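Student: Below you will find the structure I want to go over with you.
Just so you know, all these numbers are worked out from the coordinates, no wet-lab data involved. In this text the structure is predicted, and so the values were computed from the model without any measurement. No Cβ is skipped: glycine too gets one built from the backbone with ideal geometry, and neighbour counts run over all protein chains shown.
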Amino acid sequence: MSSSVSIKEIAELAGVSIATVSRVVNQKGGYSAATEERVRSIIQKTCYAQGAIARGAQNEKKAVIGLMVPDILNEHFTEMTLEIQKALSRKGYLTMICNWDESLELEKKYLEMMIQQQVSGLILVSGADGNLDTKGIPTVYVDRRPEEEVSDGHVFVESDNPYGGYLATRELIRQGCKKIVFLTDMQQESSKITRYQGYCRALTEAGLELNPSLILQVERIDIDVAREVITDALKRGLMFDGIMCTTDILAVASEVAVEEYGLRVPEDIKITGYDDTPITSLLRIPITSVNQNRSRLAEKATELLSAMIEGKEIENGRYVVPVNLVERKSTGK
């Protein structure tokens, strides 16, 4: 058999789940003698046992977890990476961090490298939706919806994005806004899509029009790019009195653009961000933003991944962490 045999392939050959193979390898019990004999027989015929040892499953070495983030310079992902690393450390894991810089090609290369390094588990933060081929390695998707929310060896943890989008938009409406821009990027990520659903819900509840011309997109999450988009909208006469941004970077860019154009925040245009990163409270006009509770996301992702590595069954493949709105001066507080 190929030397790249995975735990998933072992499970398929033995006719059992990935969790059962993991329990046999780690001697966790919960399986019959016949099942153990069948699994160990297949393992002996492959090099999987060597891989298990390398992952620390059969010795006292600390296991290594692969953590992949799309943009380490984005404050939200910087903070998230730190929270996950601390949570993993408390569980006794070491962390291998890869920043794939919003490049799908680089993401795949890093994933292949982590698989070759035989990490014990993976945490994939944000990015394009859909399942990656993780070769049966226990995987937690954070704010990145897999194609199948519940699948063997994969779970999905996210903040309550629909409600976050709703809270941010409702606050703008509460402060008197009638024409609210929805500013996002062009990536079709589940987190951004569901924030838009929250935006639509708030407008509908308030009896306000869903105007397609108020949906603005940036090519990428970048302050200069977003500033140009808002400036262009103002120059071509698009009328709006509020901007609901799907990230804090977009909110910062919006504030800069509005003030450069000669308008005032929040008197003329009110703005909300998303992520509640440190920069939101440091600006001349601090920005109202949705707090995603990164520490809770990290704790939940780590808790679930640790359980999968130990061979425990995961009853629920999707977990939602509550969000809250932090009000600041950009909405007229």
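Student: At 24 Å minimum axial length over the Cα atoms and a Kyte-Doolittle cut of 0.5, report the qualifying DSSP H helices in the chain, or say none. Show your work: numbers first, answer last.
Tutor: Numbers: long enough: none.
Qualifying helices: none.
Student: Follow-up. With +1 on each Lys and Arg Cβ and -1 on each Asp and Glu Cβ, how big is the dipole of the chain about its Cα centre, in debye rounded to the nearest 20?
Tutor: That gives a dipole near 780 debye.
Student: Taking a spot 7 Å from the Cα of residue 320 along the direction of its beta carbon, which residues of segment 190-219 have an amide N less than 20 Å from it?
Tutor: 190-206
Student: If the limit is 31 Å between Cα atoms, which of 8/300; 108/329; 108/300 go over it?
Tutor: On the way: 8/300 24 Å; 108/329 42 Å; 108/300 25 Å.
Violating the 31 Å Cα-Cα cut-off are 108/329.
Student: Compute the length gained on full extension between residue 313 and residue 78: take 0.36 nm times their separation in residues and subtract their Cα-Cα distance, giving the result in nm to one decimal.
Tutor: 81.5 nm
Student: Mind checking which of 207, 89, 121 is farthest towards the positive end of the chain's charge dipole, using Cβ charges of +1 (Lys, Arg) and -1 (Asp, Glu) about the Cα centre?
Tutor: The Cα lying farthest towards the positive end belongs to 89.
Student: Additional query: Over the Cα atoms, compute the radius of gyration (one decimal) and Dmax (the largest Cα-Cα distance, rounded to a whole number) for segment 280-333, in Å.
Tutor: 16.9, 51
Student: Then there's this: Can you give the direction-averaged projected area of the convex hull of the alpha-carbon atoms in the chain, in nm²?
Tutor: Here the figure is 17.3 nm², rounded to one decimal.
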